[in-house]
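This report refers to the structure that appears directly beneath it.
The values are calculated or read from the model by the stated rules, or taken from the named source; none is laboratory data. This structure is a prediction, so every number in the text was calculated from the model and none was measured. Quick reminder, even Gly has a Cβ in these numbers, built from the backbone with ideal geometry, and neighbours come from all protein chains shown. Ligands, DNA and RNA are stripped out before the accessible areas are found, and what is left, the full protein with its side chains, is counted by its heavy atoms. Shrake-Rupley method; radii C 1.70, N 1.55, O 1.52, S 1.80 Å.
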4 protein chains.
Amino acid sequence: MFNVAMMGVGRMGSIHARNIAANARLTLKYVVDHQPEAAARFASELGAEAATLDHVLGDASIRAVFVASPTSTHLDLTLACLRAGKAVFCEKPLDLDLAKIRAARAELALPAAPLFVAFNRRFDPHFRALQARIEAGAIGVLESLHLVNHDPLPAAHAFIPTSGGLFKDFTIHDFDMARWLLGEPVSEVFAWASCLIDPVVAELGDVDTAKLVLRTASGKLCLVSNNRRTGYGYDQRIEAFGAKGALRVDNLHTTALGAWGAQGMLADRFPFAFIDRYADAYRAEVDHFADVLEGKAAAATGYRASVESLVLAEAAAESVRRRAAVAIPAFEE
Amino acid sequence: MFNVAMMGVGRMGSIHARNIAANARLTLKYVVDHQPEAAARFASELGAEAATLDHVLGDASIRAVFVASPTSTHLDLTLACLRAGKAVFCEKPLDLDLAKIRAARAELALPAAPLFVAFNRRFDPHFRALQARIEAGAIGVLESLHLVNHDPLPAAHAFIPTSGGLFKDFTIHDFDMARWLLGEPVSEVFAWASCLIDPVVAELGDVDTAKLVLRTASGKLCLVSNNRRTGYGYDQRIEAFGAKGALRVDNLHTTALGAWGAQGMLADRFPFAFIDRYADAYRAEVDHFADVLEGKAAAATGYRASVESLVLAEAAAESVRRRAAVAIPAFEE
Amino acid sequence: MFNVAMMGVGRMGSIHARNIAANARLTLKYVVDHQPEAAARFASELGAEAATLDHVLGDASIRAVFVASPTSTHLDLTLACLRAGKAVFCEKPLDLDLAKIRAARAELALPAAPLFVAFNRRFDPHFRALQARIEAGAIGVLESLHLVNHDPLPAAHAFIPTSGGLFKDFTIHDFDMARWLLGEPVSEVFAWASCLIDPVVAELGDVDTAKLVLRTASGKLCLVSNNRRTGYGYDQRIEAFGAKGALRVDNLHTTALGAWGAQGMLADRFPFAFIDRYADAYRAEVDHFADVLEGKAAAATGYRASVESLVLAEAAAESVRRRAAVAIPAFEE
Amino acid sequence: MFNVAMMGVGRMGSIHARNIAANARLTLKYVVDHQPEAAARFASELGAEAATLDHVLGDASIRAVFVASPTSTHLDLTLACLRAGKAVFCEKPLDLDLAKIRAARAELALPAAPLFVAFNRRFDPHFRALQARIEAGAIGVLESLHLVNHDPLPAAHAFIPTSGGLFKDFTIHDFDMARWLLGEPVSEVFAWASCLIDPVVAELGDVDTAKLVLRTASGKLCLVSNNRRTGYGYDQRIEAFGAKGALRVDNLHTTALGAWGAQGMLADRFPFAFIDRYADAYRAEVDHFADVLEGKAAAATGYRASVESLVLAEAAAESVRRRAAVAIPAFEE
């Protein structure tokens, strides 16, 4: 059993904290939040203590810290924890500013304690099954990939200015999935984006619909589709095409119920919120982190995944401006 | 090219006549109907001639006659045609009265010219694929069978008194499918029936909902479900369970279109009328008959299938009265 | 938080104990098992204590006992706990002997402390969604029901003599589902059974394949299909037909992954074991029991459900012997 | 009944000729082919006469000519027929050379007799259902479109040099579908292409895998995926995303049969060849042409569709060379 602390009990922090509480290998000892009452309430619900960051870092029994505070604080908190010898589970992203992350490369690339940056989709059981089949050669050499990532409802307007924009906030997941599934680095990016859903998004300088084509050095191609409002749920699909066949992860349905009527057959609704669609993935990434703490696994994603996905996000934005493909330099260790 | 004549241009006669016209091996020469204007109109549409039965039977160039007149005339017309040396394609049933059919056994069991009684479902490409897989051993020894046969809308009240009742009019298809798929005769029948949909049906002495269990000598079991009103289309499904797995033919959808909305995914509506659901089967049974005329195939169904399915229908009615299983005597050639 | 004890840590006891541990409203204080080492090991894993039954019943802090010991001990343990004022969560069945249960009616029908007999399928989210839609009138008046309940692999031979036979051990679930979904009591049962899978089962006096038709006083009909070996997973399906449409719960797939190849599209495998297929249901029934302890809900199933389903099981066995329908007397409170 | 003639009885000519023969409004009078024996054999099978082009054009009873000869002859034959006052059904494309088509604009854009250039996918019942739903407002304003168009097996090497390349030969269908479904002209094209399947294709100067993004003036986005070898059938899918939901046409299966085994459920194989997948569309486009002859409909596609799709194909090729988006000038009537 490893004692851990949680920094931040907003939406993601609450999810992770409950998964920690249900995980047989982790004990949630401390909860830290800039709103002391929220921390106290949450701590009491889960049998933990509210505490300050300093207290947590000074407690030698604490093996790891979960960082789920606002994005702007991720990097500083992560570095502070690593310096105190604590392992870190950092909710993605490490930061929205590539330069700041790169500046901390010495501490992040080969960290003193394990560092895991949580890209949840790699832990979704459906996508993992797809990845395992590709790796097992079920479709021969992978040739192309289609990623559909559509949000059920637009983000709040207030969130947009600090979100980093569609590519850094949302497509970042697809960039990571592409890297994970393609098996080789992306060498060029083309992106087109529109504001079709909500004109306020455009006023705030962002877009809500995008289509991208990624290409690797060997010519593999990856389509990405993003959309900020489906109305019908969280549309999360992947298709992989290879020399011997294809694989598809289709959308989930909340139950296996079908209703037959004069209009046809209505299969039950799709999970709407990301916390429902990826509930299993959130549990699994906490379990993965327990494996990392036990030394059974290396962290699946950390400095490199953070840098590579941000590089692609910046290239995508540049591609939109230039209306042309943008080349991606090789990653420097 | 075989010259053929059509007796009766009601609903089934029209379907068969158009399939004959589109079949490269058959030429529709004559159309006979007790309403001369209907015959004339139809003949002109399909490039045939209106004629009388006598004229048809006296024309040596006519190789075969399609009997699609009212059920009560099927048997006499079939015998008249066979006696004139014409092959017969008789829309099912030969007759509703088992005694009358058996009385003509000498002429029907080993007919002078080919006799085909059209049980359309044996020619449905989906059910044929299922039957072929069973026969090829795909699920090992067949152990049990589920047949769902539900009508979209109740029959007209006027039709019920002459229909022979649910078991002879509708379940007859399932009895034939059971015999075809089970690979051995049914030895016992249990049936329960209710009038749940339309009280007038009960007043007319019939039922509209039935569930049956059939059993073979070796213990194979077959469930049958009948229902006279789905509201959502013609529900036609088969499941087969064997030692090595199972096979299912699910309902068709009119198109491969799905609509995604807040309630889930709506797959397109089901075929509603039997003429839509079994359009391919009607074409295929006419083609099978052309094979029979060419000597390439024996008629798939005739005297024996007619007798065996009627015996099961009568046993089902008796089972309902006795609330007990009814044993089926072995078929006598 | 309610303190509870677990009697028996075999297959079902382990499942329930882990679900108790993960439930925020229940605390597992004691584990009792006739194998003290198993109890100790399990208690230590879940942070509980190994104890004796007497110790549990004497501890005033214990609010409820979970009975998951061998079936033959369920009834006596349940009665002992109720007499000690403890609420009881009894794994189904209470007993295989109807007379013994009826003899304890005074203590079971209106128990001194809450009594819940766990029929897990009522808590499956898919079946619950179906039941809720029926109740909400989505398909109008329910007319008929099809229950498919097929085991992936035959039970061990050693289990059969003490199992109560197929109807009491396995079909019992379908009898309970039929009562739950039909909305009125079953008035007649017809059953046919065969031994098609494993001849040893027949030597041991049992059957492995059965088809049943249940009927209610108003004429509603229910088909049940049982089979002890699918080879492809735990086949668990329900179809409900009503005046305005139909509902189906189809089999689940372990993931949403499909593989496309020359043979077609392979949707991922089905859950194989009941503990996988009904994992959510087991969690939900423990949560329901917590509701019962809090006074928020009455126990969904207890004495009456136990008696009614056993009555149907005995009638089914009699129907097989008599090859006829067997009438079911009205339940006496 | 309109008398028509067929030019060319290769693969497409044979399909169209059989559909003409089965169409109640058309009579196939002549068959013309540069191989006289092929023409004679085919004419005799379908009850037509073999003839020369001059004979056909000189026969006043001939109302229309189907042009299904080699692509390089389409334009000249079409013009010859139009000059002779015959309506023309021209298999797509009119020509691979945009300049040649534009040079004949005076005769093609407002032809003396009806001119239909057959883009078959517009007549597929599944895609038509999707288009009708979009038009009826089922998903509100259309925002983006995904077109998957993957061939089962690579084209013969001998065909490649005369094919016009992937974009003109194959993507041309997607360009036409995009125009049809988007409801406004494409204003920019980005394309990436690779040769991943067969290195001989690259030696012959072509590619076998492509991903494109099309954009309209109002910002609607359309993804296109092309691939020359699936191994599993003709992968033909469309997804449309709008303000109120989404629509998908998924792949067809050859039957509704599913096989359940330890690996999961295998839905039956996909149509492999385009002549199977689009059999209904080929029938429907011949019927549309009969409507055109009767004056009931204007030809769905002709000069403009031919020019617009070729312009997009040339822009796609230029985009690959320039690694940038290419702007599309407005169509000049």
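Worth a mention:
- Calculated from backbone phi, Karplus (6.51, -1.76, 1.60) coupling profile of the stretch C:312-324 in Hz, x at Gly/Pro: 5, 5, 5, 5, 5, 4, 5, 4, 4, 5, 8, 6, 8
- Label distances, nm, B:ALA217 versus same residue in remaining copies, Cβ-directed 7 Å point: 4.4, 7.3, 8.0
- Whole-number percent relative contact order across chain D, with pairs defined as alpha carbons under 8 Å at least 6 apart: 19
- Prolate/oblate/rounded label for the protein assembly as shown (Cα gyration tensor, a/c 1.5): oblate
- Gyration tensor verdict on the stretch C:77-221 (Cα atoms; rounded if a/c is under 1.5, prolate if a/b is larger than b/c, oblate otherwise): oblate
- The stretch D:224-238 versus the stretch B:199-254: alpha-carbon centroid distance in Å: 38
- Charge tally in the Cβ shell below 13 Å around D:PHE331, where Lys, Arg are +1 and Asp, Glu are -1, D:PHE331 excluded: 0
- Highest average packing first - C:320-328, C:224-232, Cβ atoms within 10 Å: C:224-232, C:320-328
- Rounded tilt (10° steps) of D:172-182 against the dominant C-alpha axis of chain D: 70
- The packing ranking of peptides A:307-313, C:91-97, highest mean first, is A:307-313, C:91-97, where packing means the average number of other beta carbon atoms within 10 angstrom of each residue.
- Across peptide C:134-145, the mean count of Cβ atoms from other chains lying within 10 Å of each residue's own Cβ comes to 2.
- Neighbouring partner chain Cβ atoms per residue of D:231-241, average, 10 Å criterion: 5
- Considering only beta bridges that DSSP places wholly inside the protein assembly as shown, some 60 percent are antiparallel.
- Taking amide H as placed 1.01 Å from N in the peptide plane, the amide H of D:SER187 sits under 5 Å from that of D:ARG215, D:THR216, D:ALA217, each at least 5 places away or on another chain.
- Plainly put, the tip 7 Å out from Cα toward Cβ on B:ALA136 is 2.4, 3.8, 4.3 nm from that tip on each other copy, the closest given first.
- Of the peptides A:119-129, D:253-263, the order by per-residue mean of other Cβ atoms within 10 Å, starting with the highest, comes out as A:119-129, D:253-263.
- Label point 7 Å beyond Cα along the C-beta direction, distances from C:PRO161 to other copies (nm, shortest first): 6.5, 8.1, 8.3
- Accessible area per residue was computed with a 1.4 Å probe on protein heavy atoms; A:ASP33 scores about 30 Å².
- Magnitude of the charge dipole, the stretch D:2-113, Cβ model with Lys/Arg +1 and Asp/Glu -1, debye to 20: 380
- Summing +1 for each Lys or Arg and -1 for each Asp or Glu among the other residues whose beta-carbon sits under 11 angstrom from that of D:LEU28 gives 0.
- Average accessible surface for the stretch A:104-210: 34 Å² per residue, computed with a 1.4 Å probe over protein heavy atoms with every protein chain in place.
- Shielding by partners, peptide C:215-223 (average Cβ within 10 angstrom, other chains): 4
- For the chain pair D and C, buried accessible area totals roughly 1400 Å², probe 1.4 Å, rounded to the nearest 100.
- The rotation axis taking chain C to chain B passes closest to this chain C residue's Cβ, listed with the gap in Å: C:ALA324, 2.
- Relative to the longest principal axis of the Cα atoms of chain D, the long axis of helix D:125-135 lies at roughly 60 degrees.
- With K and R counted +1 and D and E -1, the other residues having a Cβ less than 14 Å from that of C:ALA279 yield a net charge of 0.
- ³J(HN,Hα), Karplus 6.51/-1.76/1.60, whole Hz, each residue of the stretch B:82-97, x for Gly, Pro: 4, 5, 7, x, 8, 5, 10, 10, 9, 4, 5, x, 4, 6, 8, 9
- Pairs exceeding a 31 Å alpha-carbon distance, out of B:LYS29/B:LYS296; B:LYS244/C:LYS244; B:LYS211/B:LYS296: B:LYS244/C:LYS244; B:LYS211/B:LYS296.
- The stretch B:1-79 shape via C-alpha gyration tensor axes, a/c threshold 1.5: rounded
- Derived scalar couplings between HN and Hα for the stretch B:22-31 equal 8, 8, 5, 9, 10, 10, 7, 8, 10, 10 Hz in order, rounded to whole Hz, by the Karplus curve 6.51 cos²θ - 1.76 cosθ + 1.60 (θ = phi - 60°), x for Gly and Pro.
- Degrees between helix C:11-21 axis and first principal axis of chain C (Cα, 0 to 90, nearest 10): 60
- Helix-only [θ]222 nm of the protein assembly as shown, DSSP H runs n ≥ 4, -39500 (n - 2.57) each, per residue, nearest 500: -10500 deg cm²/dmol
- Part-to-part distance (alpha-carbon centres) for the stretch B:117-160 and the stretch A:267-282, which is given in Å: 38
- Of all accessible heavy-atom area on the stretch C:145-267, the percent that carbon and sulfur account for (1.4 Å): 59
- Rounded percent of accessible protein surface that carbon and sulfur make up, the stretch C:2-113, 1.4 Å probe: 54
- Interface burial in the stretch B:197-212, defined as at least 10 Å² less accessible area with all protein chains than with the chain alone at a 1.4 Å probe, covers B:THR209, B:LYS211.
- Residues whose placed amide H lies under 5 Å from that of B:VAL88, excluding near-sequence neighbours: B:VAL65, B:LEU115, B:PHE116
- Each DSSP beta bridge with both residues in the stretch B:122-327 is either parallel or antiparallel, and the antiparallel ones are about 85%.
- Residues whose placed amide H lies under 5 Å from that of B:LYS244, excluding near-sequence neighbours: B:GLY140, B:VAL141
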